[in-house]
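The values are calculated or read from the model by the stated rules, or taken from the named source; none is laboratory data. For clarity, every value in this text was computed on a predicted model and none was experimentally measured. FYI the Cβ positions are ideal-geometry reconstructions off the backbone, even for glycines, and counts take in every protein chain you see.
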Amino acid sequence: MDNEEGDVRTRAAALLKRLEKTTPEERTAALKFLTAALEAAKQYNAMEEEEVEEEYRRAGRLHAYDIDTEWKKRLARVARIYPPPKYMAKNIDGFMEILEEDEQDHPIGLASCVGIFEESYLDA
């Protein structure tokens, strides 16, 4: 048995031990999260880069598109809708931070001008 196979067996044994301790609610949450994450991954993998850019363009967020972090942001969006159990969410917090930073970005173009006119300017 090579070292890689031993690592896989060790991880599998640890996962089985962890699953024995999970509640039915945790198992349901894990199943929902994993199912949604798999569907999101399939959808993203089926898209061409131009299609992803067009998706961002239609949302007015093309400036926020980053191919290197896109899969992390998509997984974070899934986790928002279907929160995974805490034992599955080790990296999700970091992904959520990336998504939140992206969403707090200032808009570009004319969208940044929305709201610059206050009532006092209109009354004058």
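So, R74, is that one at pLDDT below 85 and surrounded by 11 or more Cβ atoms within 10 Å (Cβ to Cβ) or not? So that I can check it myself, show each step before the final result.
On the way: at pLDDT below 85: no; surrounded by 11 or more Cβ atoms within 10 Å (Cβ to Cβ): yes.
No.
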Just wondering, is there one or more residues in the stretch 100-123 that are at pLDDT 85 or above, hydrophobic (A, V, I, L, M, F, W, C), in contact with a helix residue (DSSP H, G or I) (Cβ under 7 Å, 6 or more places away or on another chain) and at negative phi?
no
Pairs under 8 Å by beta carbon, first residue farther than 17 Å from K42 by Cβ in the stretch 61-75, partner among the hydroxyl-bearing types (S, T, Y) and part of a helix (DSSP H, G or I), six or more apart or different chains?
L62/Y56; A64/Y56; Y65/Y56
Among the candidates A89, A41, which residue alone is modelled with pLDDT under 90 and within 13 Å of the chain's Cα centre (by Cα)?
A89
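Restricting the search to the stretch 78-98, which residues are surrounded by 14 or more Cβ atoms within 10 Å (Cβ to Cβ) and either in a helix (DSSP H, G or I) or touching a strand residue (DSSP E or B) at 6+ places or on another chain (Cβ under 7 Å) (or both)?
Keep residues of the stretch 78-98 that are surrounded by 14 or more Cβ atoms within 10 Å (Cβ to Cβ), which gives 78-79, 82-85, 88-89, 92, 95-96, 98.
Answer for the stretch 78-98, where residues must be surrounded by 14 or more Cβ atoms within 10 Å (Cβ to Cβ) and either in a helix (DSSP H, G or I) or touching a strand residue (DSSP E or B) at 6+ places or on another chain (Cβ under 7 Å) (or both): V78, A79, M88, I92, F95, M96, I98.
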Any residue in the stretch 32-52 that's at negative phi: show its pairings with residues that are assigned to a helix (DSSP H, G or I) and among the basic types (K, R) at Cβ separation under 9 Å, as long as the two are six or more apart or on different chains.
A37/R74; A40/R74; A40/R77; A41/R74; Q43/R74; Y44/R74
